[in-house]
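Coordinate-derived values only; no laboratory data. As the structure is a prediction and not an experimental result, all values here were calculated from the model.
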Amino acid sequence: MHPFRLFLLSGLAALCSAHSCRVDKPDPAPTDTQTGANTFSCVVDGRQWIGAERDLGGGVSFPTVNASLRNGYLLIRSQRALGSGGGQLKLTIKQPSGTGTYPVTSDYATDVLYIDDNATGTSYRVVAPQTGTITVTRLDTVARVVSGTFTGSVSTTGGSATYTHAITDGRFDARLN
């Protein structure tokens, strides 16, 4: 074979090989911590969902995670940046007794709420027969830290159709307000 052809073929093979090996990977989930690092992430329908600080303009911003323990409810909320499609997730536990696993209930006492698009406000909840859990691995009211994991299947009904989203590998680590 002519050396120039060999050179072209080997260059073409290298180019094709390099292009086929390129894989666009999603941003990695934040490190799993229990220090009040203000992180929040999960996987929604197989796609990574990572909470981010949202700039509301005028020097006002919404933090990556907002957690509070008030009036008998533990509330943990996060949202994504508007440029990433927006959306919010909110976890609620009524009367948390400390660390442990709390099954999500249909009366919303323990709840996972997912809003997929802030523009339309379509919301999805864990409703029977869907299931879910929120596991609190640290609830420290002195150090003001709450950490844990969550999972669930959330749904909404629009017209005659029911839409469902699978939420897996959820985790949070936040400072209590």
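For this structure, a couple of remarks:
- Backbone geometry of region 88-95 corresponds, through the Karplus equation with coefficients 6.51, -1.76 and 1.60 at θ = phi - 60°, to 3J(HN,Hα) couplings of 9, 10, 9, 10, 10, 10, 8, 6 Hz, x marking Gly and Pro.
- Other-chain or far-sequence residues with amide H under 5 Å of residue 52's (modelled H): 79, 80, 81
- Here's how it looks for residue 145: its modeled amide H is under 5 Å from those of 140, 176, which are all 5 or more places away or on a different chain.
- Percentage relative contact order, region 38-101, counting C-alpha pairs under 8 Å, at least six apart: 24
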